[in-house]
1. Hey, what did the stretch 142-242 get for relative contact order, percent, Cα under 8 Å, at least 6 apart?
2. Would you give the gap between the C-alpha center of the stretch 344-396 and the C-alpha center of the stretch 40-66, rounded to a whole Å?
3. Applying 1/(1 + (r/R0)^6) with R0 = 60 Å to the Cβ-Cβ distance of residue 173 and residue 109, what FRET efficiency is obtained, to the nearest 0.05?
4. Cα convex hull of the stretch 269-342: how many Å³ per residue?
5. For the chain, what is the mean residue ellipticity at 222 nm derived from helices alone (per DSSP H run of n ≥ 4: -39500 (n - 2.57); sum divided by total residues; nearest 500 deg cm²/dmol)?
6. Enter the mean projected area of the convex hull around the alpha-carbon atoms of the stretch 54-174, in nm², rounded to one decimal.
7. Pop a pseudo-label 7 angstrom from the Cα along the beta-carbon direction at both residue 247 and residue 206 and give the gap in nm to one decimal.
8. Fully extended, how many nm does the chain gain between residue 274 and residue 392 (0.36 nm per residue separation, minus their Cα-Cα distance)?
Amino acid sequence: MVDLSMSQLSMTASAKATDAAPWATPSRYWPALTAATAHLDAPVGALHLGALRHNAHDMLRRANGMPIRVASKSIRVRSVIEALLRLPGYHGVLAYTLAEAIWLADTVDDIVVGYPTAERGSIRRLATDPQLAGRITLMVDSIAQLDLVDAVIAPTEREPIRIALELDASWNAPLLGHLGVRRSPVYEPADAGALAAYIATRPGFRLVGMMGYEAQIAGVTNRPAGKPVDGAVNRWMQSRSMPELVERRTRAVAAVREHADLEFVNGGGTGSLEATSADPSVTEVAAGSGLFGGHLFDGYAHFTPAPAAAFAMDVVRRPSAHHATILGGGWVASGPPAPDRLPRIVWPEGLEMLPREAAGEVQTPVTGPTVARLRAGDRVWFRHTKSGELSEHLNEFQLVDDDRIVDALPTYRGEGKVFL
């Protein structure tokens, strides 16, 4: 496998000139991907180098100089993660499990596990390896999580464990109640300060960071297609939630810094890079999904990523003159079950899923004005909703540049790793 190098992602003058948004013309973009991958059996996953380059640099622009920590959950392709980390402006990984972090730590020297862990075997590996203990930071939001580590291996028998404290970044809105995700129980600055004070006295731990993920801003579309009222409500919510969080997070960070010399304060996600990077209490932002450009992000008013990643399936049946059946297609994203969690058919245009079947694990029937043109063996291209779901199903991505495959990039799954 040829390494996905920094030079391939760097935005040279020639790259800028040739990156004139081929993906903006579906009749050019998708047939070119079809031709490049026609010799491969479905399912085919394609990663367009020009679109990936565009997204990587556009996210740097939106972060306005603040370092971006790569959210590996949304990528799950080691070569892509490592190439991004060689690109100025990207620094460190936000992992989703400790086992994944240990695997990445062979080549990545700054990894924050974004969720508390109960992986006892991995905790023991981390705690007894000086290099791992120096490269990996665990996330906590309660004393019980510290107790779990001590139950695996006593402080006197291990390396000091690097710890980050997670602040609940959701919004307790008037009348509307809780908006965001259910993560940390640490909401008030005083609670963050109290937990930091306790960690500072606890042997075997070192508090080095903080995190807060504002999902109600980063992960909620504010210009959903065909839903102007929803968009207006979401923009109203976000315009009030962010100032509340900035004020509360600033006080929480100050309270924690009274007890610890923090190396980083992490926040945000793909959808909130501008707003989070403007928070003076934050030192880095996290992002991942926007790199591959899932169709969820078509519903944001302030940015539009390129469709860098996509997958193709084969038509195998024509059950009637008005229908065709695609083998597979049900690569559904996480979140509340709804049509926006389904992959979106993007080529050929004029196809739509059947409401009573939608995208299925083994078949996806379609209809529409162009369905009569489909024959067995024809390729249909889908865009995923977020990003991580593609790597869950594919062993590799075909890296396409100048309408040809230049490399095959194994996913975690292709390297025999399924962490969660």
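What follows is calculated from the coordinates using simple rules that are stated; it is not laboratory data. Given the structure is predicted, the values throughout are model-derived calculations rather than measurements. With ideal geometry, Cβ positions are generated from the backbone for all residues, glycine too; neighbour counts draw on all protein chains shown.
1. On the way: 109 pairs, mean separation 29.7, N = 101.
Taking the mean separation of contacting Cα pairs over the length of the stretch 142-242, I get 29 percent.
2. About 21 Å separates the Cα centre of the stretch 344-396 from the one of the stretch 40-66.
3. On the way: r = 40 Å, r/R0 = 0.66.
Efficiency computed from Cβ-Cβ geometry: 0.90.
4. Numbers: hull volume 9.4 nm³, N = 74.
Cα-based convex hull of the stretch 269-342, divided per residue, equals 128 Å³.
5. Values: 15 runs with 138 residues, N = 420.
About -9500 deg cm²/dmol.
6. The number I arrive at for the stretch 54-174 is 9.3 nm².
7. 3.7 nm
8. Values: separation 118, 0.36 × 118 = 42.48 nm, distance 2.92 nm.
Stretched fully, the residue 274-residue 392 segment lengthens by 39.6 nm.
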